[in-house]
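Q: Pasting a structure below so you can have a look.
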Amino acid sequence: MTTATESLAEQAYRRVRRMICTAELEPGAVISEAELSEQLGVGRTPVREAVRALAAEHLIDVYPRRGMFVAGVDPRDLRSISEVREQLEPFAARLAATRRDEDDLAEIDDLLGNLAAFESGGLEEHRAALMELDERIHHVVYRASHNSYLAHDLDSYYTHALRIWFLGLTKGTHLHQAVLEHREILEAIRDGDAERAATVMSKHIEGFEAEMRLAL
């Protein structure tokens, strides 16, 4: 979600990352700073900074004298990513329940309203909107922990998990139900129930890995 204070480099970073996560830029695709600059409508410098940041997150591979390519996706990485998320995400949810401030609560209320719009069912076809909502929910939890180091690391792990999730979308995963599971997490954080927030988040991450293993 773009903010008024977000730099052009940050905007480019988020837009290119989204293109990579949703396979609009497929694994192995050549990265051209000139083409991205034209496509995004920004200068080469912001795009170069975005590409550098994405390379540091292992989303872009850089080979001297060969060029830059979208990093491959290896479903075998799921276990390693999940092992980290299963430890850190419940911890973040627990912190969020004890540290959330008025701004966080306002955002949580907004998210709960967004979830309500999907709860009538029959919206599985709106995958892009559901994925965007899922990402926003997790990032709100991370920010509400008020630990910038934790939020930064979880943001990176989430991005890699999202790429694997996107692979599974074509194989019958229950995206709608997976996103709606966040209601209980958000309500626990809103209510300041740290243990419930951590418990439900742990169950959610474990469920994600199990669903992906069946799909992939």
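The values are calculated or read from the model by the stated rules, or taken from the named source; none is laboratory data. No experiment lies behind these values; they were computed from the predicted model shown. Reconstructed Cβ throughout: ideal geometry from the backbone, glycine too, with neighbour counts over all protein chains shown. Ligands, DNA and RNA are excluded from the accessible area calculation, which covers all protein heavy atoms including side chains. Shrake-Rupley method; radii C 1.70, N 1.55, O 1.52, S 1.80 Å.
Q: When a/c is below 1.5 the answer is rounded, else prolate if a/b is larger than b/c, else oblate, so apply that to region 1-95 with a ≥ b ≥ c taken from the square roots of the Cα gyration tensor eigenvalues. The partial results should precede the final answer.
A: Values: a/c = 2.46, a/b = 1.35, b/c = 1.83.
Because a/c hits 1.5 or more and a/b fails to exceed b/c, region 1-95 counts as oblate.
Q: Say each of Ser7 and Tyr149 gets a label point 7 Å from the Cα, pointing the same way as Cα to Cβ; how far apart are those two points in nm?
A: Taking the simple label geometry, Ser7 and Tyr149 are separated by 2.3 nm.
Q: Using Cα springs under 10 Å in a Gaussian network model of the chain, which residue among Gly41, Gly192, Gly72 shows the largest mean-square fluctuation?
A: Of Gly41, Gly192, Gly72, the most mobile in the Gaussian network model is Gly41.
Q: Just grab the label-to-label distance for Arg44 and Phe69, each label 7 Å out from Cα along the Cβ direction, in nm (one decimal).
A: 2.4 nm
Q: Any idea of the accessible area per residue across region 1-105, 1.4 Å probe, to the nearest Å²? Mind showing how you got there, number by number?
A: Values: 6110 Å² over 105 residues.
Accessible surface, normalised per residue, equals 58 Å².
Q: Which value at 222 nm does the chain reach when only helices count, each DSSP H run of 4 or more adding -39,500 (n - 2.57), with the total divided by all residues and rounded to the nearest 500 deg cm²/dmol? List each step's numbers first, then the result.
A: Details: 10 runs with 152 residues, N = 216.
Rounded to the nearest 500, the figure is -23000 deg cm²/dmol.
Q: Still on this model: Just to be sure I understand the model, the point goes 7 Å from the Cα along the line to the Cβ. What's the resulting Ala210 to Ala106 distance in nm?
A: Computed distance between label sites Ala210 and Ala106 equals 3.9 nm.
Q: So if we plug the beta-carbon distance of Ala116 and His58 into 1/(1 + (r/R0)^6) with R0 = 30 Å, what FRET efficiency do we get, rounded to 0.05?
A: On the way: r = 36 Å, r/R0 = 1.21.
Using R0 = 30 Å, I get an efficiency of 0.25.
Q: Using a Gaussian network model of the chain with C-alpha springs under 10 Å, which one of Val140, Val51, Val62 is most mobile by mean-square fluctuation?
A: Checking each option, the largest mean-square fluctuation is seen for Val62.
Q: Note down the relative contact order for region 1-65 as a percent, whole number, built from C-alpha pairs under 8 angstrom at least six residues apart. Provide the component values of the computation, followed by the final result.
A: Values: 40 pairs, mean separation 25.6, N = 65.
Reported as a whole number, the value is 39 percent.
Q: Another question, if that's okay. If ligands, DNA and RNA are left out, what is the accessible area of Glu26 with a 1.4 Å probe, given in Å² to the nearest 10?
A: 120 Å²
Q: Using only the Cα atoms of the chain, what are the Rg and Dmax in Å?
A: In Å, with Rg to one decimal and Dmax whole: 17.6, 55.
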